[in-house]
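Structure first, commentary second.
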Amino acid sequence: MANPTTEDHSHIGIHDIDEETQRQISEKDMAPLPGSSIHRSSSRPQLDVSGAAIQGNFEEKDPTILLPNQSDDISHLALDIGGSLIKLIYFSRHADRQVDDRRKRRVKERLGVSNGNRRNFPILGGRLHFVKFETSNINECLDFIHSKQLHCGGIDSPRWPSDAPQSENAVIKATGGGAYKFADLFKERLGVSIEKEDEMNCLVAGANFLLKAIRHEAFTHMEGHKEFVQIDQNDLFPYLLVNIGSGVSMIKVDGDGKFQRVSGTNVGGGTYWGLGRLLTKCKSFDELLELSQRGDNRTIDMLVGDIYGGMDYSKIGLSASTIASSFGKTISENKELEDYKPEDISLSLLRMISYNIGQIAYLNALRFGLKRIFFGGFFIRGHAYTMDTISFAVHFWSKGEAQAMFLRHEGFLGALGAFMSYEKHGLDDLMVHQLVERFPMGAPYIGGNVHGPPLGDLNEKISWMEKFVRKGTEITAPVPMAPPATTGLGGFEVPSSKGVLRPDASKLNVGVLHLVPSLEVFPLLADPKTYEPNTIDLSDHGELEYWFTVLSEHLSDLVDKAVASEGGTDDAKRRGDAFARAFSAHLARLMEEPAAYGKLGLANLLELREECLREFHFFDAYRTIKQRENEASLAVLPDLLMELDSLTEDMRLLTLIEGVLAANIFDWGSRACVDLYHKGTIIEIYRMSRKKMQRPWRVDDFDAFKERMLGSGETKPQPHKRALLFVDNSGADIVLGMLPLARELLRRGTEVVLVANSLPALNDVTAMELPDIVAEAAKHCDILRGAAEAGGLLVDAMSNIQDGSKEDTPSVPLMVVENGCGSPCIDLRQVSSELAAAAIDADLVILEGMGRSLHTNYNAKFKCDALKLAMVKNQRLAAKLVKGNIYDCVCRYEPAS
Ligand SMILES: CC(C)(COP(=O)(O)O)[C@@H](O)C(=O)NCCC(=O)O
Ligand SMILES: [Mn+2]
């Protein structure tokens, strides 16, 4: 079976080259390379449609079109070269992993699935990576571009550029002063020309894109507390954009491309860094910032209390601790520069500049009647004190009327804007649900700098992880960053954080953006705007700590499984180690700052684990377990079906639901359950679990569900037209639980769509595995067979049906669709287009399992009838969610809302 990988870099072929050799190669190869440039007939990139061909099925609606002669490379890279920092954004395509999956094609034919709602280039998805460098180390940036071949397509590109025709006209989009200053250097070293884009245009385009397309982009930061703000796309304008770079620009933004620079100040990041360097002898901006963490500005600043003998000046609302004059105290004391602590100077300076910017920003907002102010630029660096001070100034002067907001991709506005100016990629109409932010994985860490994006090559990733280990405790996370420092009330007190701002704290604070054009919002959500997938709020620290511990404790077991799934080879062990380190590092990182990559829920943590496994090429750690359990369960299925068929309709429905709940015990993600599995065979545990199914369950809406299904008294209700069954685990769960339930629905004339994972996660069954399981089950059951045939599921799998008792009665179809994710949970804001298409005619949704119906979606409301079925296999969750105990069951039925 082909591995459904998220990316496949095997074509890169540099596994065998060690790092040192690679470095040497890239050093000596820095002259323009043959093949490093491409044809450009004008400064605007244009599509070369010669030789265009449809990829895949011709009959498909909106098929992918391959342009073999189109160099899509240039749009892979854009830069913002500022006075102190270079910000780089590049795009890597998802490697083409189209498998000849007939199930997919059948589903498309049957359901009329489109390629999402996007028709433009690029039809294929990809990733946006964010990287930055010190401008003074521009060579490091050039090395990076060169080593990843970003100027000619990138190593992630399906087309390796060696055969690309050479031209003098290769172009990279760039903004910022350095686009002018370093143009010759780029030409000389990489053989590419820089096309300059207007800085203000870029800032605005970048900010608009982020605010519209990224779910948790904007946040407030007051008194150390970070809160994400949901921006309504239709109510975004006007706003004030304050970009704090070396200097500060204040821009009134009225729409896309509609803006005016209304003000600015020359007192900005450059002032802090310049003055700070002179006064403290610090060698870098980050060092200066780190120093401020330990400072006390009261030794430098003149406070109201200093003037009023320790008293507040309450008549005009000034507390004793308010700063009356920044640096004012130094005039009255007979001291020299050396007598002051550099820490105190740095803090005082930081506060003075941040406050001043906040105040000027507010005055400009007032001038134009703007309520919202977004602050961006690399001066902020996600630094709590800076944000608190700015927020305080805005809040104070506006008397709470205006609000300062910050952007997670604060430093990349200009670079993003430059990237957007390549007209052909059509990023401008991306929707929030088509972008998935993922944790940056195994980022390279060179000379104290995190270089952000995932490394293309597995071997590289592993050796970086090994390097982390060699460096010992110094590095706890691939992307180290500032602790959640709080600065006390209004940013006026001494920073209270005991944490140390690491020297490389501000390097990166964002994940990798995955562009998945085919994702859609699940159409049956009652209110997508208010939908929140996560049930458990991890902003509660106790909760966070608990789940971190659970995942950490589970880790060694998981590594064993993963390594075994790859044959237990030395290579697998090495990857297993690297995976464990990377995952622990991410956990440590998130423990320090849970909101580092946007709002964090339990579902994100569980998905992170799966992503991390895939990153180290463990594509299906539970493969053997799943196979074993499927076989064992399929062997007893005929007996179960016979037993069910002997029951009355009422009893059968109850037994079926009991069966689903009982079989949900087979969950390799639960510590308690895994311990159980040592105590008996699958069938023994299944029997035991079924015996314990005493009603009432902890949440028990069975009677209401039964009434909807069977009616009461004489009246027989209409059967549902189509049911979507979100299935969970392999083995007994799917074979003895969900399939028999599906069969019952089919028997009653309801079409059934089994919704399964696109990628493996724990022991969950995947959409790719389901057709074979259904085919096996159908060998023993006419209902399943007829329906699977009607749904086009059996065409390949059923060539050798054993019992010849095929009936010709027309049947409602049984189908399988993928859900678009590879996690034990599901975020219904981002599902596959085939699931979205299948949902159109559905009037019943059944969510099964802890991940899909408890951790996520327990509180989700649907436009149609919904049934949530799960066994709670964790004591804490049972207590918290249903005030019950481990192994309690949930059968929650909610009619259409
Ligand atoms: C990962 C899971 C959500 C999977 O459960 P499922 O959806 O298969 O019912 C669950 O196993 C879980 O929450 N495990 C961690 C908690 C524990 O080990 O107790
Ligand atoms: Mn599961």
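Points worth noting:
- Search result, residues across region 850-867 that are in contact with a Phe, Trp or Tyr (Cβ under 7 Å, 6 or more places away or on another chain) and either near ligand 1 (Cβ under 8 Å from one of its atoms) or free of Cβ contacts under 8 Å to residues at least 60 places away in the same chain (or both): Arg852
- Checking each residue in region 868-897 for being more than 18 Å from Cys673 (Cα to Cα), within 14 Å of ligand 1 (Cβ to nearest atom) and surrounded by fewer than 17 Cβ atoms within 10 Å (Cβ to Cβ) picks out only Lys880.
- Summed over region 579-594, residues that are among the small types (Gly, Ala, Ser) and closer than 14 Å to Thr549 by Cβ total 2.
- Considering residues of region 290-316 that are part of a loop (DSSP other than H, G, I, E, B) and within 44 Å of the chain's Cα centre (by Cα) only, the residue farthest from Tyr340 (Cα to Cα): Arg294
- The residues listed here are Val755, Val735; of these, the one that is touching a strand residue (DSSP E or B) at 6+ places or on another chain (Cβ under 6 Å), β-branched (Val, Ile, Thr) and within 16 Å of ligand 1 (Cβ to nearest atom) is Val755.
- The C-beta contact set for region 660-680 (first residue assigned to a helix (DSSP H, G or I), second residue more than 7 Å from ligand 1 (Cβ to nearest atom) and among the β-branched types (Val, Ile, Thr), distance under 7 angstrom, 6+ apart or interchain) comprises Ala672/Ile886; Cys673/Ile665; Leu676/Ile685; Tyr677/Ile685.
- Scanning region 565-596 for residues that are under 30 Å from Glu227 (Cβ atoms) and hydroxyl-bearing (Ser, Thr, Tyr) yields a single hit, Ser584.
- One residue from Val831, Val812 being under 20 Å from Val753 (Cβ atoms), β-branched (Val, Ile, Thr), within 25 Å of the chain's Cα centre (by Cα) and more than 16 Å from ligand 1 (Cβ to nearest atom): Val831
- Apart from one condition, Leu794 fits all of (1) modelled with pLDDT of 95 or more; (2) surrounded by fewer than 24 Cβ atoms within 10 Å (Cβ to Cβ); the exception is (1).
- Filtering region 835-854 to residues that are under 21 Å from the mean Cα position of the chain (by Cα) and more than 16 Å from ligand 2 (Cβ to nearest atom) leaves Leu835, Ala836.
- The residues of region 283-303 that are among the polar types (S, T, N, Q) and within 16 Å of Thr389 (Cβ to Cβ), listed by number, are Ser292, Gln293, Asn297.
- Those residues of region 533-552 which are touching a residue at least 24 places away in the same chain (Cβ under 8 Å), of a type outside the set (A, V, I, L, M) and not in a loop (DSSP other than H, G, I, E, B), in sequence order: Asn534, Asp537, Glu545, Tyr546, Trp547, Phe548, Ser552
- Per the listing Glu611, Glu607, the residue uniquely touching a Cys at 6+ places or on another chain (Cβ under 9 Å) and at pLDDT below 95 is Glu607.
- The residue of region 583-596 that is modelled with the highest pLDDT, among those that are in contact with a Lys or Arg (Cβ under 8 Å, 6 or more places away or on another chain) and crowded, with 22+ Cβ neighbours inside 10 Å, is Phe583.
- Test: residue in region 706-726 that is within 16 Å of ligand 1 (Cβ to nearest atom) and either out of contact with any Asp or Glu (no Cβ under 8 Å at 6 or more places or on another chain) or in a helix (DSSP H, G or I) (or both): no
- Pick from region 653-700, criterion of a type in the set (Asp, Glu) and surrounded by fewer than 18 Cβ atoms within 10 Å (Cβ to Cβ), ranking: farthest from the chain's Cα centre (by Cα): Glu684
The values are calculated or read from the model by the stated rules, or taken from the named source; none is laboratory data. Since the structure is predicted, the reported quantities are computational estimates derived from the model, not experimental observations. Cβ sites come from the backbone with ideal geometry, for glycine too, and all protein chains shown count toward neighbours.
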